[in-house]
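Structure first, commentary second.
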């Protein structure tokens, strides 16, 4: 494009000079043909052609620049979008990590809370009597340092010799709820020499396991211990 521009300006200058002195810019051919008309045909024609070519070249260059600018803009948008996605992903990872930390802290807090309620010292079933009745024995200790137990309800299920849960043949269900009435002071043990008579009727019962405990304290607070947390209060 620079060469064409140079040719355009040279041709234009020679055209202007030729309009004044044709022979100065046309130094070939017969003198009678070295006219202003000939100057115009040659140099003005060259100027016009070079000008058109400059315009065409410039249009192509501008189009290329526009296309390049569009590509760069698209690349920038893609980079910005990628940065947004990366930031969102990092934020999500951070939030999920914080949730895990909070959940772990809550689990640890709940574990400590449950371990500060009661401790099971003895859990057993009697042999079935002549009618198939099986007693349930639970001895436990209030390990809280400052809370007195008002009521404590134990939920238990019986198992046979092959570790299957069995039902009471009279109530047609396996769960038994045994309720203890306090007050049971901090550090006090309860349930010794006591049992729930005929908690179940089934000659195949060999043992029982707790599935839940609900403790109500004299201050009105309540702690419920689910099956997954029962190991926290059982003997090691």
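Since every read-out is calculated from the coordinates, none of them should be taken as a lab result. On a predicted model such as this, the values are computed, not experimentally measured, just so you know. Neighbour counts are summed over all protein chains in view; Cβ atoms, including those assigned to glycine, are modelled from backbone coordinates with ideal geometry.
Taking the highest mean first, how do the peptides 196-203, 143-150 order by number of other beta carbon atoms within 10 angstrom per residue? Kindly include the intermediate steps, with their values, before the conclusion.
Working: 196-203: 18.2, 143-150: 15.6.
Ranked by mean Cβ neighbours within 10 Å, highest first: 196-203, 143-150.
By how many nm would the segment from residue 122 to residue 177 lengthen if fully extended, with 0.36 nm per residue of separation less the alpha-carbon distance?
Residue separation times 0.36 nm, minus the Cα-Cα distance, leaves 18.1 nm.
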